[in-house]
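Derivation of every value follows stated rules applied to the coordinates shown; laboratory data play no part. None of the values given here were measured: they were computed from a predicted structure. Reconstructed Cβ throughout: ideal geometry from the backbone, glycine too, with neighbour counts over all protein chains shown.
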Amino acid sequence: MPNHNLALTTVFQALSDPTRCAVIERLARGPAAMTELAKPFRMALPSFSQHLGVLESCGLVRSRKVGRVRTYRLAPDPLRKAGHWMTQQRSQWERLFKGEFRPA
């Protein structure tokens, strides 16, 4: 599998979870500490931390620790790449739905 497809796969897998999507939506408004991000969710911090680890491992978020506080921020490049891929696919999908698609 080409490297860019693997990167897209990990981004889409990360976004398949509603908790992680909610974290991305929150971080779109600005950076936040882990404890602030975890407040709306009914789970222990170690479990929530695993969600942040998934987002960080695929590059969707970055973190920085100052003292005892770890702050997360959105890293939009993987989202841009996923959006670009979907835009490229859209014209093919539209032709398929109109019955004009002729695969090579």
Largest first and to the nearest Å, give the Cα extent of region 1-55 along each principal axis.
-> 38, 23, 16
Once the other residues with Cβ under 11 Å from the Cβ of Thr87 are scored (Lys, Arg +1; Asp, Glu -1), what is the net sum?
-> +3
Output the relative contact order of the chain, whole-number percent, from Cα pairs under 8 angstrom with separation of 6+ residues.
-> 28 percent
Per DSSP H run of at least 4 residues, take -39500 (n - 2.57); add these up for the chain, divide by its residues and hand me the 222 nm value, nearest 500 deg cm²/dmol.
-> -19000 deg cm²/dmol
Which lysines have a Cα less than 21 Å from the Cα of Lys65, not counting those fewer than 8 places away in the same chain?
-> Lys39
